[in-house]
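Enquirer: This structure is in structure tokens; I'll ask about it shortly.
The values are calculated or read from the model by the stated rules, or taken from the named source; none is laboratory data. Worth saying up front: this structure is predicted, and the values here are computed from it rather than measured. Methodologically, a virtual Cβ is constructed for each residue, glycine included, from the backbone with ideal geometry; neighbour enumeration extends over all protein chains shown.
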Amino acid sequence: MWPVTTNLRIAIVGGGPGGLTLARLLHLNGLECTVFERDSNQLERPQGGTLDLHEGSGLLALEQAVLIPEFEAIARYDDQGSRVLSKDGRLLFEDAPESGDRPEVDRTALRAMLLAALPDGAVRWGCTLREVLAQNDGTWALSLNHGTEGPFDLVVGADGTWSRIRPLLSPYKPQYSGLTFIEFGIDDVDRSHPAISKLIGRGKMGVEGDGKAIIAQRNGNAHVRGYAIFRVPADWISKRFDLNSPASMRESLKREFDGFAKTFIDLFDASNEHFAARPIHALPVGHCWTNRRGLTLLGDAAHVMSPFGGDGVNNAMFDAAELARLLTERQDWTDAVNEFETMMFARVIDSADGAAEAAATLLSHVGQALTVEMHRAHAAST
């Protein structure tokens, strides 16, 4: 058995919600760690759209991190509504936003809150991982763009879908789901586009038909983030759209959704200059690996799945909470990591299975009926 390490040296690769939650919880419990993040600063690139945090996972992690008051200051409890419409504009389902238990928060605001809760110097910015190097004494070093850091007893891969740590543990790569989202944004929606504001309501709006869909979701600061969704080959978008020309993108999207009610076409006319293709990838349901001393994964690095269900960030933050708890409670940290992985593998199967099922049935001939059924079931359970 490896000896108990009293001064555990921990590196976290990736400064997203999972990695930062882990860093916060470790520091609270007296375990020092360093987060290595490739961004040069916290505002270098957009962090994505709004997130809904769930009781028992994301919110529980924040409770354990003693950050609920800070979260309450940035949470949007009144933006939890959902509306489902037919392609001709008929309302098929709507729930009341004030009844929800999954408060929304912008990714950028959540990241800023977590960063503010860490000690100075806990995050090393501008650090791109090139390679993880095994050392003769069983520790690990990180080869980064600026040089080598280490040694570390434990390296945690919180580095997302295309993790550089995962290949040291698992041969599996995320597979394309067959779905690609084209992301667009609408600014100042309440003042500049009141009809669109009413269409989306306090939360999100979805419409599906003819083998394609649109989801538009309210973010903070009167911003709407929208997604045009297609079930297509992986290279279809690059052959059909010019992502470098906003004007061309608007016209192309309007053509693709010809036959949908004008109220949906108006979303594209109102969009700003930023468009991006988001192909959806996932690891196999039940993805796991054999424990390897000094390495582990959490969040999307361990179990990336489609976004349907909103469990991704919640799983990542709860992963962080469980790993921090076990590292604190167990005498031997290697046992703690092994126990964490075993529990995580079992815990995420249901959400991964549900996300895979949703991705498989979206845009099918019964896709919209299943979406309405899912919303009704969730509304009945809250």
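Yes/no per residue for (1) closer than 16 Å to LEU154 by Cα; (2) at pLDDT 95 or above; (3) of a type in the set (Val, Ile, Thr); (4) in a strand (DSSP E or B):
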position	(1), (2), (3), (4)
VAL4	yes, no, yes, no
ILE12	yes, yes, yes, yes
LEU25	yes, yes, no, no
THR34	yes, yes, yes, yes
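Enquirer: Across segment 359-382, which residue is nearest to LEU91 (Cα to Cα) among those that are out of contact with any Gly (no Cβ under 8 Å at 6 or more places or on another chain) and either of a type in the set (Val, Ile, Thr) or modelled with pLDDT of 95 or more (or both)? Talk me through it step by step, then tell me what you get.
Expert: Just the residues of segment 359-382 that are out of contact with any Gly (no Cβ under 8 Å at 6 or more places or on another chain), to begin with: 360, 362, 364-367, 369-370, 372-381.
Okay, now just the ones that are also either of a type in the set (Val, Ile, Thr) or modelled with pLDDT of 95 or more (or both), so 366, 372.
Working: VAL366: 17, VAL372: 11 Å.
Among residues in segment 359-382 that are out of contact with any Gly (no Cβ under 8 Å at 6 or more places or on another chain) and either of a type in the set (Val, Ile, Thr) or modelled with pLDDT of 95 or more (or both), the one nearest to LEU91 (Cα to Cα) is VAL372.
One line per residue, one yes/no per condition, for (1) surrounded by 19 or more Cβ atoms within 10 Å (Cβ to Cβ); (2) under 24 Å from the mean Cα position of the chain (by Cα); (3) part of a strand (DSSP E or B):
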residue	(1), (2), (3)
SER177	yes, yes, yes
ASP190	no, no, no
ALA195	no, no, no
LEU199	yes, no, no
GLY206	yes, yes, yes
ILE214	yes, yes, yes
GLN217	yes, yes, yes
GLY226	yes, yes, yes
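Enquirer: When the residues of segment 288-321 are filtered to those that are over 20 Å from LEU168 (Cα atoms), among the small types (Gly, Ala, Ser) and not in a helix (DSSP H, G or I), which remaining residue is modelled with the lowest pLDDT?
Expert: Selected residue: GLY309.
Enquirer: Sort out for me the strands (runs of 3 or more DSSP E) sitting completely within segment 73-164 that have 2 or more residues that are modelled with pLDDT of 95 or more and assigned by TED's automatic domain parsing to the domain that holds THR334.
Expert: Working: elements: 81-85, 91-94, 104-106, 129-134, 140-144, 147-152, 154-157.
Filter on segment 73-164 gives 129-134, 140-144, 147-152, 154-157.
Enquirer: So, of the residues in segment 331-358 that are at pLDDT 95 or above and not in a helix (DSSP H, G or I), which turns out to be nearest to GLY310 (Cα to Cα)?
Expert: The residue in question is VAL348.
Listed here are the residues, each with its yes/no results for (1) within 29 Å of HIS287 (Cα to Cα); (2) surrounded by fewer than 13 Cβ atoms within 10 Å (Cβ to Cβ); (3) not aromatic (Phe, Trp, Tyr).
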| site | (1), (2), (3) |
| --- | --- |
| PHE93 | no, no, no |
| VAL105 | yes, no, yes |
| LEU110 | yes, no, yes |
| LEU142 | yes, no, yes |
| ASN145 | no, yes, yes |
| GLY160 | yes, no, yes |
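Enquirer: Are there any pairs, at least 6 apart or on different chains, whose C-beta atoms fall under 6 Å, with the first in segment 263-288 and of a type in the set (Gly, Ala, Ser) and the second assigned to a helix (DSSP H, G or I), and if so, which?
Expert: Every condition considered, the pairs that remain are ALA270/ILE196; ALA277/ILE237; GLY286/ILE349.
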